[in-house]
1. Which of the residues spanning the stretch 4-39 are among the hydroxyl-bearing types (S, T, Y) and in contact (Cβ under 8 Å) with a residue 40 or more places away in the chain?
2. Out of (1) closer than 15 Å to T89 by Cα; (2) open to solvent by 60 Å² or more (accessible area, probe 1.4 Å), the odd one out for I58 is which?
3. For the stretch 142-162, give me each residue that is within 17 Å of the chain's Cα centre (by Cα) and within 13 Å of the ligand (Cβ to nearest atom).
4. Considering only the stretch 2-21, how many residues are outside any helix (DSSP H, G or I) and more than 17 Å from the chain's Cα centre (by Cα)?
5. Could you check how many residues of the stretch 230-248 are within 18 Å of A61 (Cβ to Cβ) and exposed (fewer than 13 other Cβ atoms within 10 Å of the Cβ)?
6. For the stretch 214-261, which positions are polar (S, T, N, Q) and either closer than 27 Å to N38 by Cβ or in contact with a strand residue (DSSP E or B) (Cβ under 8 Å, 6 or more places away or on another chain) (or both)?
7. In the stretch 69-78, which residues are open to solvent by less than 30 Å² (accessible area, probe 1.4 Å) and of a type outside the set (S, T, Y)?
8. Residues that are touching a helix residue (DSSP H, G or I) at 6+ places or on another chain (Cβ under 7 Å), closer than 30 Å to G229 by Cα and among the aliphatic types (A, V, I, L, M): does the stretch 163-178 have at least one?
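The values are calculated or read from the model by the stated rules, or taken from the named source; none is laboratory data. Everything quoted here is computed from the prediction, not taken from an experiment. A quick note on method: Cβ atoms are made from the backbone with ideal geometry, for glycine too, and the neighbour counts reach across all protein chains shown. Side chains are part of the model used for accessible areas, which takes the heavy atoms of the whole protein and leaves out ligands, DNA and RNA. Shrake-Rupley method; radii C 1.70, N 1.55, O 1.52, S 1.80 Å.
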Amino acid sequence: MPKLSSNQLQEYNDNGYIAPIDVLSKDEAFEIRKEIENIENKWPNELKGSGRNYVYMISPALDKLCHNSKILNSDESIIGKNILICGTTLFIKNPHEKGFVSFHQDAAYIGLEPHDWVTAWLAITDANEKNGCMRMWSGSHKDNIRHHEQKYDKGNLLTRGQTVENVPVDKTTLLILKAGQMSLHHPTIVHGSGLNKSNDRRIAFVIQSYIGSNVDQVLGKIYVQQARGNDAFKYHQHTKRPNKLMDPEDIEIRKKANADLHKIFYPGSTKEKETSSPQKK
Ligand SMILES: O=C(O)CCC(=O)C(=O)O
């Protein structure tokens, strides 16, 4: 599988994202959906709230997806040969729930410096306007980090409802993907997503993010896996890949990782949003 073509790379550099990139077949994406729903059914609390993070640590199927060579080849075009996986998030919008994601820049709160990292958003179900696919403000990654209002608003899937105000929505692009396709986005692109008005779930497995081994976490501690190349910098604790679903040893390390992530997402905050799914940033 080739890396990104020079046109695709140019598009990523110009717009701050690139899509669609085919990763899984429709059937393979459905298998991943079944894996996620199996965990939800057998361990009902496991993927709720901050449990949406780091699920690749306890599921061999999701771990394998993070190491998918089609994803990594594309990543390599953007961040080079030494690639670490530093986390995953499930962005699930159930039908008839009020879940949305306000316009924001990932780099504003995520603490990964320098910005030699890229986020892979993999559609496990189709993602379209009706079910609340992402909207990208093309080219906005070229500006600095903008002011984010912390709104803690109901239904916002971001931990603190971080919002870039006055985004010209008519100038944003809908990121429509088929199940099994992915988009890659830049740390500073302004993006968000609306409500799911369909009758099915909208499920995304987001590798947030693939980082160059030179990238530090300046707000706290993260746990990584080597995806490609080597780690000459050794900034982060490496974790082992899971061999079986919900292995007690993996559950323990995931608990630690989530507790540390919580400190990054709620730095010095006295307020924690009441939501069914605080997940990131
Ligand atoms: O899934 C969504 O709707 C938003 C995801 C997002 O903000 C991200 O992956 O950075």
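1. The answer is Y12, Y17, S25.
2. (2)
3. Going residue by residue through the stretch 142-162, those that are within 17 Å of the chain's Cα centre (by Cα) are 156-162.
Once the filter is applied, which keeps residues that are within 17 Å of the chain's Cα centre (by Cα) and within 13 Å of the ligand (Cβ to nearest atom), the stretch 142-162 yields N156, L157, L158, T159, G161, Q162.
4. Summing the residues that are outside any helix (DSSP H, G or I) and more than 17 Å from the chain's Cα centre (by Cα) in the stretch 2-21 gives 4.
5. Matching residues across the stretch 230-248 total 3.
6. In the first step, residues of the stretch 214-261 are kept if they are polar (S, T, N, Q); the result is 214, 217, 225-226, 230, 237, 239, 243, 258.
Passing the criteria: Q217, Q225, Q226, Q237, T239, N243, N258.
7. I71, L72, N73, D75, E76
8. No: zero hits.
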